[in-house]
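So the structure is just underneath, and the comments pick up after that.
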Amino acid sequence: MGPKCPNEAMAESKPNLYGMEREELRSVLEPLEVPRFHADQIYRWMYHRRVLDPGGWTDLPKNLRERLAERYRIEPGTISGTAGDDDGTIKYRIDLPEGGQIEAVSMIQDDRTTLCLSSQVGCALGCTFCLTAKMGLKRNLTAGEILGQVHLLVEDRDLGDAPCNIVYMGMGEPLHNYDGVTASTRLLTDPSGPGWSRKRLTLSTAGMVPAIIRLAGEPIRPRLAVSLNATTDEVRNRLMPVNRKYPLAVLLDACRQFSLQSRDPVTFEYVLLAGVNDSDGDIRRLARIVRDHHAKLNLIPFNAVPDWLEFESPDDHRVRKIRDTLLDMGIPVSVRWSRGRDARAACGQLAML
């Protein structure tokens with residue numbers, strides 16, 4: 001066995017406080033006889049003030065700060081590379097504190113900033129139109145590794161406390177890492193932490209039905225987007241192997257249950273693949289699906305990855321015709337035009353390959 005990389009060796013030598021929720025942090029610091037109010041101050045320094053060096057925690061006793069620095073890490077990860085696009089999109093390569101790498105994306109459009117987070121190193125679901133699927137699944141991210149992406153991107157882009165939208169739409173299936181993702185949403189929305197509104201968080205799933213139903217019962221949950229991408233089981237089975245376990249009827253029933261229990265609408269995402277799911281019949285069936293749910297629809301023209309993925313997008317004229325047809329049918333629909341394509345940062349293009 002070869003030598004360990006530096007971040008793996010560090011992970012073994014010192015526990016990482018970053019990513020711990022309040023009660024876990026209090027419990028971990030108990031052996032140092034740290035009072036609960038000091039643990040709460042540390043929590044606020046890490047997540048609300050975004051100061052990760054104990055030396056800067058000026059309202060804590062100096063000897064406590066020194067002991068914390070000796071015994072623990074406060075590591076969100078590190079940015080090891082970037083790729084920019086002329087449209088203002090930046091893709092980040094991030095070295096994770098527990099080993100491995102992922103990609104995350106920041107997008108700025110007009111006065112709106114969106115941070116696209118990864119939830120896994122790779123993905124196990126094998127969707128045939130997604131480059132991340134080529135990696136397979138390496139591991140789940142911890143809550144701290146998910147939250148750390150927000151910290152790193154906010155600091156790099158000097159966003160301060162400006163409101164941002166956060167989408168769990170990067171590498172991985174978020175509901176396949178249910179505990180890590182839901183812990184990260186609790187941290188993100190804590191008023192003593194980053195203080196994000198949950199309405200600014202959106203999670204995209206390929207259709208993990210039991211987890212969708214479970215998510216509806218969470219007291220703090222992101223908005224739900226469901227990656228639909230087909231209107232028949234035959235086509236969806238080919239595009240998304242998860243459909244063989246949870247076919248369309250089962251998935252759509254779970255979406256209906258989610259909306260009823262949570263009182264939140266669902267967004268259906270539909271990646272347009274030329275000659276595969278963009279026929280007039282597909283569009284009529286898609287309209288019926290959306291109309292039957294408390295939902296809206298995002299059309300996503302496929303982002304090509306030459307030599308890696310076999311599909312193509314319909315041309316822009318066809319995309320607009322599909323949108324206009326759906327609007328004429330009374331369907332709330334918008335087109336998510338590609339951003340970051342030249343940096344390979346667009347939807348479905350993230351992968352450590």
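The values are calculated or read from the model by the stated rules, or taken from the named source; none is laboratory data. Everything quoted here is computed from the prediction, not taken from an experiment. Virtual Cβ from ideal backbone geometry, glycine too; neighbours counted across all protein chains shown. We work out accessible area using only protein heavy atoms, side chains counted, and drop any ligands, DNA or RNA first. Shrake-Rupley method; radii C 1.70, N 1.55, O 1.52, S 1.80 Å.
What the table below lists for this structure:
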| read-out | value |
| --- | --- |
| Computed lengthening from ILE220 to GLN257, 0.36 nm per intervening residue step minus Cα-Cα distance | 11.6 nm |
| Length-normalised contact order for the chain - Cα pairs under 8 Å, 6+ apart - percent | 16 percent |
| Lys/Arg +1, Asp/Glu -1 at C-beta; the chain dipole; positive extreme among SER259, VAL319, HIS176 | SER259 |
| Top positive-direction residue, dipole computed over segment 57-119 with Cβ charges, set PRO76, THR58, ILE108 | THR58 |
| Charge dipole magnitude, Cβ of K and R +1, D and E -1 - the chain, Cα centre, debye nearest 20 | 740 debye |
| Karplus (6.51, -1.76, 1.60) ³J(HN,Hα), θ = phi - 60°, over segment 144-152, in Hz, Gly and Pro reported as x | x, 6, 6, 4, x, 4, 4, 4, 5 |
| Degrees, to the nearest 10: 178-189 long Cα axis against longest axis of the chain | 70 degrees |
| List PHE268, PHE129, ordered by accessible area with a 1.4 Å probe, largest first | PHE129, PHE268 |
| Relative packing of 256-265, 160-169, 198-207, which averages over residues the other C-beta atoms within 10 Å, highest first | 198-207, 160-169, 256-265 |
| For segment 176-286: rounded, prolate or oblate by the Cα gyration tensor [a/c cutoff 1.5] | prolate |
| Spin-label model distance (nm) - THR128 vs HIS317, 7 Å beyond Cα toward Cβ | 2.8 nm |
| Candidate residues ASP292, ASP324: accessible-area rank, largest first, probe 1.4 Å | ASP292, ASP324 |
| Amide proton proximity set for LYS138, modelled H, under 5 Å, gap of 5+ | VAL121, GLY122, CYS123 |
| Violating pairs (Cα-Cα greater than 28 angstrom) within the set LYS14/LYS91; LYS245/LYS296; LYS14/LYS138 | LYS14/LYS91 |
